[in-house]
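Below: the structure, in C-alpha cells.
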C-alpha cells in the first residue's frame, strides 16, 4: 500500500502532501521535514530508494525522483515493488506534463485542486488505480468539462488552453 | 528564458484568476515562495489566517469566493498551520449541487478530517445521496471521499450503495467501488466479510482495469488466508499468461510492456500461493520461465517485473531451471551501472541465498563494490545481506565492517539497528572472548546510549563468569585485559552512561584482583568517573558500589585502607544526596569501613559475583520466634489466598483494597526491558494461584537437556521452591538447537586455509578477463567474507554425501527439521523480574564445549549444522538476561542473581515450518476453474 505522496521543491517547501492514512498536521509536517532533510543530503547519481523506518515505521520504503526544482516522493510498504513505484512517479509526471504542457513548479503551486484530481485518478485509497496516462487525462478532462459547464460563476474555462494563451 | 515564461504565467494567472483563483491567493503563494526564513513564512501565514477568519464570518459570501477561501485553507494547512476554524465551511461545500464546488468541498474535507472527526456525521448523508447520483463523476467523487472519511461505524451506512456500484456500467466506477470495498476491508474486516465473494466475481470482469483493481483486495485476502484461495492458482497463472502474450488491448501497454502493474500484482499473489506448495508452484513454472525469457531488461519497468519474478521464485518451491534464470537476472542487476538495479540485485541475492547459498559466491566482488558505494541505501542493503550470510568463519570481517560503519553514521535509528546486529552476531559467532570484549567496547563507546541494557548485563556476566573453561588463568587474564582496556578508555571525554556502568562494575570487581593496580589508583579513577558524570545517578551508584568493593577487598586482605581525600569528599557529598539510593550506598560504604576483616569478608567475598546466595524461602529460622508469639496469644498467619477468600465473602471494599498489592506485583513485570508477549504469563500473575500443574508438565519434556546443562554448570539453584512461590517457572531452553550453528560453523572453520584458498582462486579466474586490475585488498576482503561459504560447502559435500547443494537444502528440510519437537520459542521466553532465581547459562560456555567436540563428531551433526549455517542465516539468538537487582546491588554490593533466558528465533525456518504445516493439512488446490477467466476479452 502507498502511504503517502509528496511533492516538495528543492528548498523543502511542500507543494503537495497526501497521506493515505490520517495523520495530524504536526506529524505531517514532521514527516515532510524529515523526508526533505534526508533527500537533500543524498548525493547525485545514487539510487532512488530509501529505507526510512525511522520516519514511517517498520517496513516502509521511499522512492523519489528529482525533476528540475521538484522532488516527487512516494512512501509505501513492502507490498509494492520499488522499481514499479519509480515508474508510477514517471506516470504522474508524464500526466502532469500533458495536463499543463511542459509542467513546472508554478503549475503545481497554482493548480492545487487539479493536481489532486490527477493524483486521485492514479492512486486511489493507497492503491494504484490507473497507470495509463491517456485514461487519466480523459477522466480529468471530463471532470474539467463538466465543472466548466456546471460552473456558471466561473469566468475561465477549466481546461489548460484557457490561460495558456496568455503566455 | 525560464524566468520570462514564469512571469508570463503569473501575469496570465494574475489577470484571469488562473484556475478560478484570485489575485490574493496568488499573492499569498508568491510571498510565501519569496519568504527567506521560516519565521517570515509563519508571519505571512498567520496574517493570512487572521484575514480568512474575518472573511469567513462575513454574511452571504459568494460561492466562488468561498471556494477560494477553502483552497487557501488547504494551502495553509499544508504549510503546517491549523485551519480547523474553517472545517465547517468545507463540510458545507460538499452539500453544494455544483460539481466544482462539491469536489472542492470533498477535497478539502478529505485533507482536513480524520475518519473519527465529529463533523463526518454531517457528510455521511451527502455521501449517501451522491453515491446514488446519475452523474458518474459525482459518484466517483463520493467514492473517493469515503476512502478517507468512513470509519467502522459509518461503513454500514454506505455499504449497500457501494455494493450496488460494483455492477455500475462505467468501469471507472466499478474500479473505484472495488477499491472502496478494499478500503473497508482494511479498516474493519468483519463489516465486509460477507462480501468477499464479490472480489472473486469481479476478477472475471470484462474490463481488464477492473480485474486489475480486484487484485489489490485479493492480495490482502490471500495474505491473511492462503489456503482458501488455492483454487485460484491456475486462474491467476492463466491471467498472467494472457497478459504476457499481449492479449490485452494495446492501451494497457506501458513502455512497450503489457500491463506491467497487473503483472507485478499477479506475481506477488503467486508468490503467496506457491509458498511451500509444490503442486501450486509447478503450475507456475511455465509462465515464470516465459517471463524471464521475454522480459525486456532495458526498461525500468521490465526490470521491475524481472525483480518480481525473482521474488516470486524465492517464495515458491522453485525448479532448478528457474533458480538458474533468477541467478542470471540477479547477476545482470549487479553488473549494471544503475544504483537502483544494484540495489534490487542485492535484495534479490539476499532472498535467493536462503535457497541456494552458493549463489553469493560468484558475486562477491560486486557485493564488496556495493559495500564501498557512496550510496547509503545500497550500503545498508548490502549490510543486510552480509548479516544474513554471517557465519563463524567470516564473522570478524563482517562485524568489523559493521562497527566501522556504525561509528561513521549519525542516524540514531539505524545506528541502533546496526549496533544490535553487531551484538547479536558477536554473541552468536564470536571466535574468541578477547575479540568479543573488544567489539562490545566499540559498540558501547559509540552507541552506548542506544543499545539495550541487557547487552551490558550480558557483558558483565561474561567477564564475571569467565568462559566455562576451568582454566582460571585464562579468565583472570581476560579480566585483566578488560580492566586495562577500560582504564584506557576512561580517559575519553564523553562516554555513554551504560558503558560507564559496565566499566565501574568491572573495575570494582576486578580492578585490584591481579595486584597490578593499587586500590588507591583504581578508587581514584572511580572518583573521577563519579565527579565527571555527577548528573548521572546510576553511574554514581555504580561507582560508589565499586568503591565499596575495592575497599572491602583491601580490608579482607588485611591491608590498611586509606581513603583518598577525593573519595572522602565524594562520600560526604553523597551522604547528603537527594537520591535515597545514593545515600544508602554511601552510608553502607561508611559502615563497611568501620568493620573488621572477618565481617567484611563475609559481606563482600572476593570474586563472588557469580556465587549464589541461598535464600531460605520458608524463613525457617523464624520458626521459634513465631512459636513464641503464638503461644503468647498472637493470631496465626493466614496465607494470602485464604485471606482473599475470606474477604470476598465479607467485605467488598477491603477486597478491592487487598488487590492493590497484586497490582503492584504485576506492575513489576511490565518494567522488564522486553516484556514477554506470552499471554499465559500475564494470566498467572493476575491469578494468585500457586503454580498450575500445566507448567511442570510442560517443563518436563523440554528440560531433559537443560537439566543436564544445569548440572554441568557450577551454579546450582533450588529452582523448584522458588518457582512455586512465585507461580512462574523460569525456563532453561533446550540448548541443543541453539548450539548447533556455532558447532557446525566451527567444524567448517577447522579448514580455513582450504576454504579461503579455493574461494579466492575461483572468482579471480572468472573475473580476470573482465576486470584486469582488482584491488588485492578487495580480493582479500572477498576471500574472508565468502571463504566460509565455500569451505562449508566442501564440508557439506563430504558429510551429506551426494546431495545436490541447492535442491537438497531446499526440499528436504521439512522431514529432518527438528523444530516440531521443540516448544514454540515464546514458551522459553519466561522472564522473572523478581530477584529470586536463577542459574545463568553461558552461551560461550556451550560454544567452547562444542568447539572441542566438533572435531570428533563430524558426521551426523554436521548435516544439521549445514542445514542451519548454509540454508539460511542463522538467527538463533542466545540472549541472556541478567537481572541485577538494583536493590540487592546496593545492599550487597555485588550482583548475585542472574536470570537466564534463552530465546530462539527460528524465523529462517518459518518457510519450512509452513511447508510442513501445509502438507500436514493436505491442502492442495482441488477444484480448479479454468473457465474463470474465459470471458476476459471474450
- Please give the peptides B:447-454, A:10-17 ranked by average Cβ packing (other Cβ atoms within 10 Å per residue), highest first, as a rough proxy for protection. B:447-454, A:10-17
- Task: Starting from the Cα gyration tensor of the stretch B:399-469, multiply each eigenvalue by 5, take the square root, and state the resulting semi-axes largest first in whole Å.
- Result: 21, 13, 9
- Query: Which of rounded, prolate, oblate describes chain A, given a ≥ b ≥ c as roots of the alpha-carbon gyration tensor eigenvalues and a/c under 1.5 marking rounded, otherwise prolate only if a/b is larger than b/c?
  - Reply: prolate
- How would you rank B:403-410, B:360-367, B:502-509, highest first, on the average number of other Cβ atoms within 10 Å across their residues? B:502-509, B:360-367, B:403-410
- Task: Quick one: angle between helix A:133-150 and the longest Cα principal axis of chain A, in degrees between 0 and 90, rounded to 10, please.
- Result: 50 degrees
- Query: For B:99-111, what's the mean count of beta carbons from other chains sitting within 10 Å of each residue's beta carbon?
  - Reply: 4
- Cα gyration tensor category, rounded, prolate or oblate, for the stretch B:453-602 with a/c compared to 1.5: oblate
- Exercise: per-residue mean of other protein chain Cβ atoms within 10 Å, A:47-57: 5
- Query: What distance in nm separates the simple spin-label points at residue B:298 and residue B:196, each placed 7 Å from Cα in the Cβ direction?
  - Reply: 4.5 nm
- For the stretch B:432-524, what does the alpha-carbon gyration tensor say about shape, rounded, prolate or oblate, given a ≥ b ≥ c as the root eigenvalues, a/c under 1.5 as rounded, and a/b over b/c as prolate? oblate
- Most to least packed among A:76-82, B:559-565, A:51-57, B:488-494 [average Cβ atoms within 10 Å]: A:76-82, A:51-57, B:559-565, B:488-494
- Residue mean of other protein chain beta carbons inside 10 Å, B:421-434: 0
- Item | Angle in degrees between helix A:112-122 and the longest Cα principal axis of chain A, rounded to the nearest 10 | 70 degrees
- Got a sec? How would B:174, B:183 order by Cβ neighbour count within 10 Å, fewest to most? B:174, B:183
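Laboratory data are not the source of any read-out in this text; all were calculated from the coordinates shown. All values reported here derive from a predicted model rather than from experimental measurement. Backbone-built Cβ (ideal geometry, glycine too); neighbour counts: all protein chains shown.
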